[in-house]
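Working notes, beginning with the structure itself.
The numbers here are math on the coordinates, done by the rules we state, and not lab data. Predicted model, so just to flag it, every value in this text is computed and none were measured. Because the Cβ atoms are built from the backbone with ideal geometry, glycine has one as well, and the counts that use them run over all protein chains shown.
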Amino acid sequence: MKHDRVSVADRILAGLAKAHVRGQMRRFFRAAERAADVQREGILRLLRRRAGSAFGVEHGFRGIHNVRDFQSRVPVRTYEELAPYLDRVRRGETTALFARDERVLMFATTSGSTDRPKLVPVTPSFIADYRRGWNIFGLKALLDHPDCFLRGIVQVVSRMDESRTELGVPCGSISGLLAATQKRLVRKYYVVPSQTSLIADPTARYYAVMRFAVPRDVGWIVTASPATPLKLAKTAAEHAERLIRDLRDGTLSPPGEALPAHVLALLSERLQPDAEASRRLEGVLARDSVLRPSHYWRLGFLANWTGGTLGHHLRGFPAWFGAAPVRDIGLLATEGRVTFGIADGTSSGVLDVKGGFFEFLPPEESAGGGGHALTCEALEVGAEYRVILTNASGLVRYDIGDRVRVTGYLGTAPMLEFLHRGANVASVTGEKLTEWQVVQAYARARGSSGDAGEIFVLSPQWGDPPWYRLHVEPGDRNVPAERLATAVDEQLSALNIEYAQKRRSGRLGAVEVNVVPTGFLTALDRERQAARGGAHEQFKHQYLHASPGLDSGIPVRTAVPGSPNENDAGRSFASSPSGAREPRCVQSRDD
């Protein structure tokens, strides 16, 4: 699309901002040369700062003088084990984890391993570390793609105030807080108004994002999940005629639910007719019968996750975004940043040695104690580890649940590649389903008709969008398979806020039930136990598969001839208001 005009003042301010961030970047890369010392200095500084907190007093922070002291006095914990301290902070007792003068700006929310969402305290020092990591990532990416400087940025954020604690502290997305407090110069180049986060209907929201973004000179797109830019591009293509009309008239008339009047009024203030863009897109549509980002943007790069199972979404990028390179944003969670990407085309990123204190355990080692956890300089290239995190959020020796592989070193800071969440966690769009949640959802969906000994398997499937298939045996059930699919889908949404968000947005399809022959899953377990060896009582049935393809040995009956997914003959499609499939059932043949 047309180039946005850049004022002389913006160029001057951008030069000053670039110089400031260059300084941050130089300091970081110097720190990477002495990573072990930087990590040790950082953790001792943090412990001194919080020695007077209840947690600090209980664990003797004042008597900790080195990393070995820290590891011997403070055990590795899960979120659930830290929850009593976090609950005290939520109720207003900030000194449970923090110094007396530290404030909690908000609580960032993410899915927990049970039915209770995680609430992560966001303090000024935590947000400063978080922002510094983004600054270094962004400047390095822009230096590598200089044509993107002072051009539009498509960033999709969620609300920082989706709910509030009993004391009125906002709870929501940390991306919303970052966007709201970003420097004015940077905000000026966000082409999507933050008010689009107020749109609840996902189809309407994606459309509104593209209504603002399509006519602008967009240089790059930054999101967490790679499913998001694909969804944006497909929404604009699906509603191309409506989009062209809105551009011509200076209006916003998204499909889906009608926008609340106050939201429409806020967004309409930012709109004006663009007859030139409308005519250009109309010509493209007449010529090619489809609108793609390559028709209206000169993208320098896209920035999003590329590691683990999420990397499969990248297969759809060339068709929509052409040859634009992709840069991994790094291993970034609500609880904090672990790495950030410094090169295109790789899911490997450098450890953010200034953003927290990091320890690493072999994947099979239990979390309790963690006295033998390794520090960053001791990692073996090619080996896999679990990440243990301590940072300014109040989380101390926190088992974040992520598995990484060491791909090399930058100076003395390890380069890490994200592999997957914990062994019993599945996440194809960022939903992070745990096996506990799956078992609970199934039990609730079956209700009083459920059999405590009944086995099943929930396995993620690749498609457009991805979805989960629930393999069950016929059994003596009172709940028909069709209703079971809907009920499990609803219960997973109730138990996992990120699953619910992905379902509402259409990035994740509905659950499908596949009924296998009686005794099949039990026989499959026997085969696997025999292949692995060991005592029978040590074998544990897996109710959840972590990655697509792990259920390839389970038969699936063809439900819809000519399924668009050549690797999946069993997928059932039915349109839903959000564009995702409705829950369906497929019946497996007994032969």
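Using the Cβ-Cβ distance between Glu241 and Arg557 with R0 = 51 Å, the FRET efficiency computed as 1/(1 + (r/R0)^6) comes to roughly 0.85. With contacts taken as Cα pairs under 8 Å and at least 6 residues apart, the chain reaches a relative contact order of 13 percent.
Once you order the gyration tensor axes a ≥ b ≥ c over the Cα atoms, which shape class does the range 221-275 get: rounded for a/c under 1.5, otherwise prolate or oblate by comparing a/b with b/c?
Prolate shape, in that a/c is at least 1.5 and a/b is the bigger ratio.
Under the rule of at least 5 residues apart or a separate chain, name every residue whose amide H is placed under 5 Å from the amide H of His420. Excluding prolines and chain starts, which carry no amide H, the hits are Arg403. From the Cα gyration tensor of the chain, with a ≥ b ≥ c the square roots of its eigenvalues, which class applies: rounded if a/c is under 1.5, or else prolate if a/b is larger than b/c, or else oblate? Taking the square roots of the gyration eigenvalues as a ≥ b ≥ c, the chain is oblate. Among DSSP beta bridges lying fully in the chain, give the percent that are antiparallel, nearest 5. Counting only bridges with both partners in the chain, antiparallel ones make up about 65 percent.
Given R₀ = 30 Å, what would the calculated FRET efficiency be for Arg315 paired with Ala128, taking r from the Cβ atoms and rounding to 0.05?
About 0.20, to the nearest 0.05.
Its DSSP H runs of at least 4 residues, each contributing -39,500 (n - 2.57), put the calculated 222 nm mean residue ellipticity of the chain at -11000 deg cm²/dmol, to the nearest 500. Taking amide H positions as modeled 1.01 Å from N, with prolines and chain starts lacking one, the residues under 5 Å from Arg34 and 5 or more places away or on another chain are Thr412.
Counting every C-alpha pair in the range 37-124, the share spaced more than 20 angstrom apart comes to 40%. Kindly count the pairs of lysines across the chain whose alpha carbons are less than 17 Å apart, treating pairs on different chains or eight or more residues apart as eligible. Final tally of qualifying lysine pairs is 9. This ranking places Thr181, Thr309, Thr407 by how few other beta-carbon atoms lie within 10 Å of each, fewest first, which gives Thr181, Thr407, Thr309.
Convex hull of alpha carbon positions in the range 243-358: directionally averaged projected area 10.8 nm².
Rounded, prolate or oblate for the range 146-324? Axes are the square roots of the Cα gyration tensor eigenvalues, ordered a ≥ b ≥ c, and the cut-off for rounded is a/c under 1.5. In terms of gyration-tensor shape, oblate. Site pair Thr518 and Arg27 shows an inter-label distance of 7.0 nm when each label is modelled 7 Å from Cα along Cα→Cβ.
Phi angles of the range 311-322 translate, via the Karplus equation with coefficients 6.51, -1.76, 1.60 and θ = phi - 60°, into HN-Hα couplings of x, 5, 5, 5, 4, x, 5, x, 5, 9, 10, x Hz per residue; Gly and Pro are given as x. At a Förster radius of 60 Å, what calculated FRET efficiency corresponds to the Cβ-Cβ distance of Ser72 and Ala286, to the nearest 0.05? Efficiency, rounded to the nearest 0.05: 0.25. Scaling the Cα radius of gyration of the range 377-466 by the globular reference 2.2 N^0.38 Å produces a ratio of 1.48.
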